[in-house]
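A short reminder: the numbers here are calculations on the coordinates, not readings from a lab. Just so we're clear, the structure is a prediction, and the values are computed from it rather than from any experiment. Heads up, the Cβs are rebuilt from the backbone with ideal geometry, glycines too, and the neighbour counts pull from every protein chain shown.
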Amino acid sequence: AELGVYKGHCGAMLSLYAEKYGRKMYLCDTFEGFPESQYEEDMGDGKKAAFKDVSLASAKAVVGDYSGNRWVVGAFPDSITEEMRDDRFAFVSIDCDIYEPIRAGLEFFFNAAVNGGPLTGGTGTFPAPAASFPGAGAGQAGAGLGLGTAGATLNFTNANGDLRAAFNAFASNNKVNI
């Protein structure tokens, strides 16, 4: 799954792997920038205007028409579908730049990921201590999850740091969705 698709460049790569292994690929975004309901108190005008230069149609044109793609349109977590609730995930990318969808994405996907399934993503405003999420301690399933006042940084790959190998291993071995 990808939470924060923007123009679809990462989604295109994830969709390629989903198709290669016959898995579903969830692409979650508003496809029209940040929803006003999720604006943060100190959010400047520049950030409020960010990511409005995209549409669902333009993202679909970049990602492609693989029949396993599931386009989830709307503000996360309100946009979570029943199909998503029933699925498990081998790989999740969270990069949506604002607190609410990052927090909700971590909660939802952490509980829906296969054991050891990688979470990866960018940074965003996330003022919660690392202890707020299970598995955030070293040596546990969520090791490497950096949560603090500087933002959330998610970076899960295989032991060698090879993201491509992680995609292949989790998509092929776990028989679950991306």
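So the values come out like this:
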read-out: Whole-Hz ³J(HN,Hα) from phi, Karplus 6.51 cos²θ - 1.76 cosθ + 1.60, for region 64-80, glycine and proline x; value: x, 10, 3, 5, x, 5, 10, 8, 10, 9, x, 6, 7, x, 4, 7, 4
read-out: In region 30-70, the GluC sites (Glu not before Pro) that fall in loop regions by DSSP, at most 12 other Cβ within 10 Å; value: Glu41
read-out: Built amide H within the under 5 Å cut-off of Asn69, gap 5+; value: Met25
read-out: J(HN,Hα) series, region 29-36, from Karplus relation 6.51 cos²θ - 1.76 cosθ + 1.60, nearest Hz, glycine and proline x; value: 6, 7, 6, 7, x, 6, x, 4
read-out: Kirkwood Rh in Å, taken over region 54-114 so that all alpha-carbon pairs contribute; value: 12.9 Å
